[in-house]
1. Name the residues whose placed amide hydrogens come within less than 5 Å of the amide hydrogen of LEU121, ignoring near sequence neighbours (fewer than 5 apart) on the same chain.
2. Could you give the longest part of the chain that holds none of the GluC sites (Glu not before Pro) found in DSSP loops with at most 10 neighbouring Cβ atoms within 10 Å?
3. With a/c under 1.5 counting as rounded, go ahead and sort the range 193-313 into rounded, prolate or oblate using the C-alpha gyration tensor (a ≥ b ≥ c being the square roots of the eigenvalues; past the cut-off, prolate if a/b is larger than b/c, else oblate).
4. Calculate, in whole percent, how much of the Cα-Cα pair population of the range 165-253 lies beyond 19 Å.
5. Please report Rg (one decimal) and Dmax (integer) in Å for the Cα set of the range 15-77.
6. So what is the 222 nm mean residue ellipticity for the chain from helices alone, if each DSSP H run of at least 4 adds -39500 (n - 2.57) and you divide by all residues, rounding to the nearest 500 deg cm²/dmol?
7. Taking Rh as the Kirkwood radius computed over C-alpha pairs, what is the Stokes-Einstein D of the range 124-165 at 4 °C in a medium of viscosity 1.567 mPa s, expressed in µm² per second?
8. What whole number of Å gives the distance from the Cα centroid of the range 236-304 to the Cα centroid of the range 339-388?
Amino acid sequence: MAELSAPSRIESIGTEFFDDPHAHYRRWRDAGPAHRVRFPDGVVRWVIVGYAEARAALADPRLRKDMARAAAILDHKRDADPIDADSLTLLSHMLSTDPPAHTRLRKLVNKAFTTRQVASLRPRIEEITEALLDAMDTEGPVDLMETFANPLPVTVICELLGVPFADRADFQSWTRSLVGVPGEADEERSAAATAMAGYLAELVRAKQSRPAADLLSQLVLADDEGDRLTDRELVAMAFLLLVAGHETTVNLIGNGVYALLRHPEQWRALCADPAGVPAAVEEFLRFDGPVDMATVRFTAEPVAVGGTEIPEGELVYVALSAANRDPARFTDPDTLTVDGQAGGHLAFGHGIHFCVGAPLARLEAEIAFTALQRRFPELTPAAPTADPRWQTSTLIRGLLELPVLVRPGR
C-alpha cells in the first residue's frame, strides 16, 4: 500500500481568486487532487480539485453533511462568535443532512416536486421568456443579468413555490449575503439569516392556514404514512428551494451567455443548429457552472484522497468547477465546445445529494438559450474589453452584470 502524505504547502483564497478560480485550480491540480487552503476567514479547509477524487468524495459516506457538527468544527477552528441559530435553521435542509434524515426529507420533497410537474411548467417558462426578451429588444446596451438571466428564474421559482414576486428584492439581497465568502461581513450575514428565517417562517404559516396550488403548500401537506415536515424543516426546505431554485439558474444562463460572447464562433454554431441547445447547456454547466464549490462536508474519520490523507474532523470542499476542467477526464477542458461531449460533468453534484432541481434548471436554460439565439442572433458584448465583475463567493460562480447589445447593427 502506498504511503499517505499531507501537502506541505497551504494555498490561499484572496480577492483575485474570484476573477479566475480556474487559474488557481489548474495550478493546484498540477500538484495533486487535494489541498489545504486558507479561506478569507483565516480557517484552513481542504479542497478537492481532481475529477475522479471529487466524484468519489461526493458519494463517500465518511464525508458527512451534518450541519450542526460542521458548524461545531468551524467554531473550534476560528476565533469568532458561533454560527447563529437562524443560520443553522436555514442550513438544516436535506442538502446538509446525512441518511437516514436525508432519505426521509428527500422522499417527502420528491412527493411534491415531480418530473411531471417540472415538465408542465414549459409553456409558462416560454411565456415569461418571450416577455422578457420583448423588453430587452432595444437599440442601447442592456444588462442581460438584470433584464433576463435574473428575472426569468426568479419569476419561475416564485410562481412555483408560491412566493410573492414583489418580495424578490428582499430575498435576493439576503441570499447574496448568505452565499458570500466565509469571513466577510459576518454581522451582515447573521442579520440576513434572521430576516430570511423570519420571512420564510411567516410564509410557511400562511401556507398552513391557506394552502394553495403551489409547491410550498404541497410540502406543507406532504405526508408519508403519517410522517410530515416539521415547521423548522419546512423553513429550511423553503430556503433551499428558493435560493437554489433561482441563484443557480440565474448564473447558468449568465455564465453561458458570457462564455458564448467570449467564443463568438460557438455562438454562431449554436445559432446555426438550434437543436444543439440541450447539449450546449451541458457544456455551459461543465465549462463554467453556477456552483463553484459544493457545500461543506467534514471527515468523520481519516480519508485518503489521491495519496493524501485528510485527518478526522476536517472541513472539506469539493470544487466542482475544478473537477469539470480536469484534463484527466475531459479533452481540452479549458475550451468551450457547444457540440462537444460534456457528459459526466459534476455541476449538479453526484450521489444522494445530486441536485433535486436539476431538471428545472435544464428546462429553463434550454428555453432561455433557444429563444435568445432565435431572437437575437447578433448578440454581442456592449463593452468587449471590460473586465467582468464576479460574485465573491466560493459557493456561487456568477456575474454581477453583463452589458450586451442585442441588435448592434440597427
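All of the numbers you see were taken from the coordinates with simple rules; none came from a lab. Since this is a predicted model, take the numbers as computed values, not measurements. No Cβ is skipped: glycine too gets one built from the backbone with ideal geometry, and neighbour counts run over all protein chains shown.
1. none
2. Between exposed loop sites, the widest span is 226-410.
3. It comes out oblate by the Cα gyration axes.
4. 45 percent
5. Rg, Dmax (Cα atoms, Å): 13.3, 34.
6. -15000 deg cm²/dmol
7. For the chosen part, D equals 120 µm²/s.
8. 6 Å
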